[in-house]
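Trainee: Could you have a look at this structure, given as structure tokens, before my questions?
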Amino acid sequence: MAQQTRKEREQIARKRIASILGRSTVAGMRTLEQKISDAGPNNQRVQPHILTAARNQMTKAGQLVRFDDGGGSWYHLAEEEPQRVQERLAVLQPIIKKFSHQKYTTRMGQTLEIACYRALSEAEELRPLGSFRDLNDHNDSQMYSKEEPPSTIGKRSIGNESLDFIAFAGGIPFGIEVKNIREWLYPDRDEVRDAIRKSLALDLVPVIVARRIPYVTYRLLTGLGVVLHQTYNQLLPAADQDLAAKVRDKNLLGYHDVRIGNAPDNRLVHFFKNNLPALADQSLSKLKAGKDLLEPFASGEMTYKEFAARIRRREQGVNEDNDWPDKEEDLNDGK
């Protein structure tokens, strides 16, 4: 089957947006992403950056109506009846408000951290720094006490910041950041830059664990030594089963990948126990060769556009500073 063009993918996105909103009346962007980027036949899935472009096109053309309620953005078809929109919002807004409340997202974020901690604990070779001291003292309806890994190693420091974990494989140190969020982690997201910046500041190999990581992030970062792992699930505290059921319901938010509890699945255990130690030597080697690009990108000194272009030019073995011919006669070639 021929690879789809950008135009064809945007057309698929517009068609699926219209279809979903025709059935759902109104939806948030994360729901549209779940139903279009994560679900459906493979040839009908459209990654979020294409979906966003298609959504913006439809909004600009007057086919979609977008509005914000303080807790996020909502979309509905332009011809939708206002009363139906309000009735639907009355059902959805209380769910998304609770799901996105800062106190809840903090506790939810800890759920995947604990799953990673449990998986790291099974990988004896890694010897992790960072732990939870009171996992057996109460349930996950309240926050657990986290012992953070050191923010200073020798002369290197990240000040008041911290990584989620630090681990060692064969003497090679890893800085691990865990992101239990809905958004796909594109390379230019703050979560990605910050994880890399903190790890490099402590002279560690960066490791990022998140629900969804697009191909472009793998394509740009793994060649420079960054280790990435997709969980494909978002973990919610076991104490919030009722909320999880509403969030997962296909007729409500539709986040079908949500599961409850902080126990790691077999993929997460395998990643820490087998994959990460196996990647140690090559990741460190790639990091040493690519640090001159990663450091300015992570600090914000280098734009994403320049970062991606320099990686491409380096791989092609050409002048990394620009795409111009090196020789004067080449500039006049064809004139």
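Trainee: Only one of these is in the same structural domain as Gly175 (by TED's automatic domain parsing) and either aliphatic (A, V, I, L, M) or within 27 Å of the chain's Cα centre (by Cα) (or both): Ala78, Ala115. Name it.
Mentor: Ala115
Trainee: Quickly run through segment 221-233 and pick out the residues that are farther than 21 Å from Phe168 by Cα and surrounded by fewer than 23 Cβ atoms within 10 Å (Cβ to Cβ). Quick ask: steps written out before the conclusion?
Mentor: Narrowing segment 221-233 to residues farther than 21 Å from Phe168 by Cα: 231-233.
Within segment 221-233, Tyr232, Asn233 meet the criteria.
Trainee: Can you pull out every residue in segment 154-167 that is at negative phi and either surrounded by fewer than 12 Cβ atoms within 10 Å (Cβ to Cβ) or at pLDDT below 95 (or both)? Explain how you work it out, then say what you get.
Mentor: Start the filter on segment 154-167 by keeping residues that are at negative phi, which leaves 155-158, 160-167.
Residues satisfying the conditions are Lys155, Asn160.
Trainee: Something else: Which of (1) surrounded by fewer than 20 Cβ atoms within 10 Å (Cβ to Cβ); (2) modelled with pLDDT of 95 or more does Gly171 not meet, given it meets every other one?
Mentor: Among (1) surrounded by fewer than 20 Cβ atoms within 10 Å (Cβ to Cβ); (2) modelled with pLDDT of 95 or more, the lone unmet condition for Gly171 is (2).
Trainee: Can you tell me how many residues in segment 104-138 are of a type in the set (D, E, K, R), part of a loop (DSSP other than H, G, I, E, B) and either more than 15 Å from Phe165 (Cβ to Cβ) or at pLDDT 95 or above (or both)?
Mentor: Number of matching residues: 2.
Trainee: OK, next. With the condition kept exactly as written, say whether any residue in segment 132-143 is over 25 Å from Lys103 (Cα atoms) and in contact with a helix residue (DSSP H, G or I) (Cβ under 7 Å, 6 or more places away or on another chain).
Mentor: Going residue by residue through segment 132-143, those that are over 25 Å from Lys103 (Cα atoms) are none.
Within segment 132-143 (the criterion being over 25 Å from Lys103 (Cα atoms) and in contact with a helix residue (DSSP H, G or I) (Cβ under 7 Å, 6 or more places away or on another chain)), the answer is no, since none of the residues qualifies.
Trainee: Give the residue, chosen from Ala27, Ala90, Ala78, that is small (Gly, Ala, Ser) and in contact (Cβ under 8 Å) with a residue 40 or more places away in the chain.
Mentor: Ala27 is the lone residue from the list that is small (Gly, Ala, Ser) and in contact (Cβ under 8 Å) with a residue 40 or more places away in the chain.
Trainee: Let me ask something additional. Would it be correct to say that Gly175 is more than 17 Å from the chain's Cα centre (by Cα) and either outside the structural domain of Ala308 (by TED's automatic domain parsing) or not in a helix (DSSP H, G or I) (or both)?
Mentor: On the way: more than 17 Å from the chain's Cα centre (by Cα): no; either outside the structural domain of Ala308 (by TED's automatic domain parsing) or not in a helix (DSSP H, G or I) (or both): yes.
In short, no.
Trainee: Given (1) surrounded by fewer than 22 Cβ atoms within 10 Å (Cβ to Cβ); (2) closer than 24 Å to Asp265 by Cβ, where does Pro150 come up short, assuming only one miss?
Mentor: (2)
The values are calculated or read from the model by the stated rules, or taken from the named source; none is laboratory data. Everything numeric here is computed off the predicted structure, so don't read it as measured data. So basically every Cβ, Gly included, is an ideal-geometry build from the backbone, and we count neighbours across all protein chains shown.
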